[in-house]
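The next block holds one structure in the form of structure tokens; read it before the comments.
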């Protein structure tokens, strides 16, 4: 469990270590309240939203795993992960990045607030500025291949720190969004709350369509995304299943051994 400070108050955050990833186990309203509490703090915090694809990728990338561990909030963005956690008696709260982003723009971000976007293309920034004219938007579109372009990553971080925003939304996919968020955290003068939000901005302004509510309710949003872009996404979903099953079984074994060890220690005492 960790302690975070914001707006002159300290608040204990419940941490759960599951599938080798640290999650902040707060509910949706709790996450909103925490973000609200950072308003005007003058500090910088970043939020990651691990899903199945992220968790599988983190297995072999220690540097990226460390970036997730250093996040202020690490929110479970996957119904399958939330469901599996219940089988392990952890009961992770589900807080989807898309819903959180929508809530922030429609209810939490105030007129005149400065919002920086790391945008996948120019039209996203233009559409957001048109949809929310009361918000002071600035945006930056990094070049294609930013993940392997150190100078471009640093340019994103410099932009976000230089404009002194209240919020930063990094919308260019994983893992480049998380790498940029971490770079911002190391940049002097950085302020605001940053959310790695995937396609959430495109959903808000209608540049991409989110799954219908009935599909979201029955955990089929992944299927809607797959059908929207099958050539790009089929490998991601197919190749994530077996590693996730392996991580689940490892977690079961680890917990059984932990209980066995605890029982043996109690007996010897």
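The values are calculated or read from the model by the stated rules, or taken from the named source; none is laboratory data. Small disclaimer: the values here were computed from a predicted structure and weren't measured. When we count neighbours, we look across all protein chains shown, and the Cβ atoms used for this are built from the backbone with ideal geometry, even at glycine.
Among the criteria (1) buried (at least 18 other Cβ atoms within 10 Å of the Cβ); (2) in contact with a strand residue (DSSP E or B) (Cβ under 6 Å, 6 or more places away or on another chain); (3) touching a residue at least 24 places away in the same chain (Cβ under 8 Å); (4) not in a helix (DSSP H, G or I), the one residue 178 does not fulfil is (4). Within the range 60-79, the residues that satisfy the criterion of being out of contact with any strand residue (DSSP E or B) (no Cβ under 9 Å at 6 or more places or on another chain) and either under 29 Å from residue 133 (Cα atoms) or surrounded by fewer than 16 Cβ atoms within 10 Å (Cβ to Cβ) (or both) are 60, 61, 62, 63, 66.
If you filter the range 58-82 down to residues that are without any contact (Cβ under 8 Å) to a residue 24 or more places away in the chain and outside any loop (DSSP other than H, G, I, E, B), you find that the one that is farthest from residue 176 (Cα to Cα) is 82. Within the range 123-145, the residues that satisfy the criterion of being in contact with a strand residue (DSSP E or B) (Cβ under 9 Å, 6 or more places away or on another chain), in contact (Cβ under 8 Å) with a residue 24 or more places away in the chain and part of a helix (DSSP H, G or I) are 124, 128.
Only residues that are within 29 Å of residue 113 (Cβ to Cβ) and part of a helix (DSSP H, G or I) were counted in the range 148-166, giving 11. Kindly check whether there is at least one residue in the range 103-119 that is under 24 Å from residue 240 (Cα atoms) and either at pLDDT 95 or above or not in a loop (DSSP other than H, G, I, E, B) (or both). No, every residue in the range 103-119 fails to be under 24 Å from residue 240 (Cα atoms) and either at pLDDT 95 or above or not in a loop (DSSP other than H, G, I, E, B) (or both).
State all residues of the range 190-248 that are at positive phi, part of a loop (DSSP other than H, G, I, E, B) and at pLDDT 70 or above; if no residue qualifies, say none.
Answer for the range 190-248, where residues must be at positive phi, part of a loop (DSSP other than H, G, I, E, B) and at pLDDT 70 or above: 198, 206.
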